[in-house]
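Student: Let me begin by handing over the structure; questions about it come next.
Each reported figure results from applying straightforward, stated rules to the coordinates on display, with no laboratory input. Predicted model, so just to flag it, every value in this text is computed and none were measured. As a convention, Cβ positions derive from the backbone with ideal geometry for all residues, glycine included, and neighbour counts pool all protein chains shown.
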Amino acid sequence: MILITGGTGYIGAHVAVELLNNGDQVLILDNLCNSSRTTLGLIASVAGRTPGFVQADVRHRRTLNSLFREYPIEAVVHCAGLKAVGESVRDPLRYYATNVGGSVTLCQAMAEAGVFRLVFSSSATVYGDCPQMPIAETCPTGQPTNPYGQSKLMAEHVMRSTAASDPRWSVGLLRYFNPIGAHRSGKLGERPSSTPNNLLPYLLQVAARERAVLKVFGNDYPTPDGTGVRDYVHVADLADGHVRALEFLRGETGVHVWNFGTGRGYSVLEVVQAFERASGVRVPLSFEARREGDIARCWADPAKAARQIGWKARHGLEQMLEDAWRWQCCSRERGEPLALATLPATGR
Ligand code: NAD
Ligand code: UDP
C-alpha cells in the first residue's frame, strides 16, 4: 500500500489514479485545506477503485503513527503542502510550519514505523535564478526568491540529512517544472482556492469569461518575444513519473533527484497562442509590469529521469492545454464552484 499525503490535491489525485491503475493499494491523507472530499469519488470513477482516505493534518504525529500501525504502508508519496507564492510572503511561518514541519513529522513517523521509501513533491524553484539553461540536477540549488521556494529547499535538506543518518532510506526528490493540464476524462484538474497566481488557471478563467483579461507580467525579458519562458509539463506525465520513481527506489538507497520537465520552454505568448489553437477561444491580453520575484526563463534537462527511471514527458503543449480546457468546461457543466474558497468552512 502507498500512502499519498495531499492526495486529494491537484497532483496527488493524478498520482492516486496512476497508482490505482498500476494495481497498487492507495491510502490518502489530506486535511482538505485546499481540496475537497468529492475528489475521492472522481478518482474512483476514473480509476475504477476507491482509495482509502483519512482527513488529517500531516503534522499530526499520533495520526501518522496509527496509520503506519493499521495499514501495510510500504512507501509514501509526500504531496501535502501549501503552494501559493504570494501567500507565503505574507504568511511565511504557516508555509514553514506546513512544508518543513510537515516533512519533519512525516519522516519521524516513517522512521519509527520502519518505512523508508519516500517520494517528495519538490519544485524547480529550488534552483532559484539559474544562469544556465537547460537546468540539470547538478546545477546548484540557488536562492529561491520567496518563502514557498525556501520551504521546498528546506524540506529537501530535511530529507537529505535524514537519509544520510540511516542507510535504509530511499528518497526521490522530484523537482517539478510547471505542471499544467488535467485528466483526459475532464474529471480531475487544478482548482485554485482563490484568485489564481499561476498562468494556466488564470488563462482558463479568462477564456471561460470569468475574468476579463489575462495580465502578461513583463514583455521586456531577454527572451525571444520578451515574455517569461517556462517548461510546462502535463500532470498525467508527472503522475507516471511518481510510479516509476517508486519502482526505482524499491531497489535503491540514498537520495535521488530528478527533474520533471519536458526539456522545452515556451513563452507566455506562445502558451496563449497554443491555447487559442487548441480551444478555438480568443484570450484578451494586457501587458503589465514584471511580477516581483519572477525569473526570465526556466526549463529542464530531463535526461537523468529518462536514463535512470525511463521517464519522459509524452504530452505536447497543445495536448496539455486541450485537456486543461476540457476540465474547465466540464467542471462548469458539473456546476462546480469557481474557487474552493466559496465552499462552506466545514469539509475544508
Ligand atoms: P494542491 O494544493 O492541489 O494539493 C496539496 C494538497 O495538500 C491539498 O489537497 C491540501 O489540502 C493538502 N494539504 C495542505 N496542507 C496539508 C497539511 N498540513 N496536512 C495534510 N494535507 C495538507 O497542490 P498541488 O499542485 O497538487 O501540489 C502538490 C505538491 O507539489 C505541493 O507540495 C507543491 O508544493 C508541489 N509543487 C506543485 C507545483 C504546482 O505548480 N502545482 C509545482 C512544484 C511543486
Ligand atoms: N504569468 C503571467 N500572468 C499571470 C500569471 C503568470 O504573465 O497571470 C507569467 C509569469 O510571469 C511567468 C509565467 O507566466 O513568466 C509562468 O508563471 P506561473 O506563476 O504559472 O509559474 P512560475 O512563475 O511559478 O514558474
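Student: Could you give the angle, 0 to 90 degrees to the nearest 10, between helix 268-279's Cα long axis and the longest principal axis of the Cα atoms of the chain?
Tutor: Roughly 90 degrees, rounded to the nearest 10.
Student: Here's a follow-up. Report the one residue of SER161, VAL104, PRO140 whose Cα lies farthest in the direction of the positive end of the charge dipole of the chain (charges on C-beta: Lys and Arg +1, Asp and Glu -1; origin at the Cα centre).
Tutor: The residue sitting farthest along the positive end of the dipole is VAL104.
Student: Still on this structure: Taking the simple approach of a point 7 Å from Cα along Cα-to-Cβ for both THR50 and SER66, what is their distance in nm?
Tutor: Label at THR50, label at SER66, 2.0 nm between them.
Student: Oh, and also: Taking the Cα of ARG209, stepping 7 Å toward and past its beta carbon, and measuring to each backbone N in segment 275-313: which are under 14 Å?
Tutor: Only 281-284 pass the distance filter.
Student: Can you pull out the GluC sites (Glu not before Pro) in segment 45-146 whose DSSP state is coil and whose Cβ has at most 15 other Cβ atoms within 10 Å?
Tutor: Counting only loop positions with at most 15 other Cβ atoms within 10 Å, the GluC sites (Glu not before Pro) in segment 45-146 are GLU74.
Student: Which order do peptides 203-213, 100-110 fall in by mean Cβ count within 10 Å, highest first?
Tutor: 100-110, 203-213
Student: Over segment 131-270, what relative contact order in percent results from Cα pairs under 8 Å that are six or more residues apart?
Tutor: Dividing the mean separation by the residue count of segment 131-270 yields 35 percent.
Student: Further, regarding this structure: For the residues SER194, SER267, SER185, what sequence is obtained by ranking on other C-beta atoms within 10 Å, fewest first?
Tutor: Result, fewest neighbours first: SER194, SER185, SER267.
Student: Would you mind estimating how fast segment 135-204 diffuses translationally, via Stokes-Einstein at 25 °C and 0.890 mPa s with the Kirkwood radius over Cα pairs, in µm²/s?
Tutor: Reported coefficient: 161 µm²/s.
Student: Give the order of TYR266, TYR71 when sorted by the count of other beta carbons within 10 angstrom, beginning with the fewest.
Tutor: Ascending Cβ contact count within 10 Å gives the list TYR71, TYR266.
Student: So, one more: Return one number: the angle in degrees, 0 to 90 and rounded to the nearest 10, between the long axis of the Cα atoms of helix 38-47 and the longest principal axis of the Cα atoms of the chain.
Tutor: Taking the Cα atoms of the chain, the angle to 38-47 is about 90 degrees.
Student: Whole angstrom only: what separates the Cα centroid of segment 86-100 from the Cα centroid of segment 242-259?
Tutor: Answer, in whole Å: 28.
Student: Here is a further query. What is the spin-label model distance, in nm, from GLU292 to ALA111 if the labels are put 7 Å beyond Cα along the C-beta direction?
Tutor: Taking the two extended label points, one gets 3.8 nm.
Student: By a straight-distance test (C-alpha under 16 Å), which lysines pair with LYS83 as possible cross-link partners, with residues fewer than eight away in the same chain excluded?
Tutor: LYS152
Student: What does the convex hull of the Cα atoms of the chain come to per residue, in Å³, rounded to a whole number?
Tutor: 126 Å³
Student: Could you list PHE248, PHE287 in order of exposure, starting from the residue whose Cβ has the fewest other Cβ atoms within 10 Å?
Tutor: With the fewest neighbours first, PHE248, PHE287 line up as PHE287, PHE248.
Student: Still on this structure, I have one more. Over the chain, what is the relative contact order in percent, taking alpha-carbon pairs closer than 8 angstrom and at least six residues apart?
Tutor: Across the chain, relative contact order equals 20 percent.
Student: What distance in nm separates the simple spin-label points at THR253 and VAL281, each placed 7 Å from Cα in the Cβ direction?
Tutor: So the two model labels end up 5.2 nm from each other.
Student: So, one more: Please give the calculated 222 nm ellipticity per residue for the chain, where each DSSP H segment of at least 4 residues contributes -39500 (n - 2.57) and the sum is spread over every residue; nearest 500 deg cm²/dmol?
Tutor: Theoretical 222 nm ellipticity from helices: -11500 deg cm²/dmol.
Student: Lys and Arg at +1, Asp and Glu at -1: add these up for the other residues within a Cβ distance under 13 Å of LEU317 and post the number.
Tutor: It works out to a net charge of -3.
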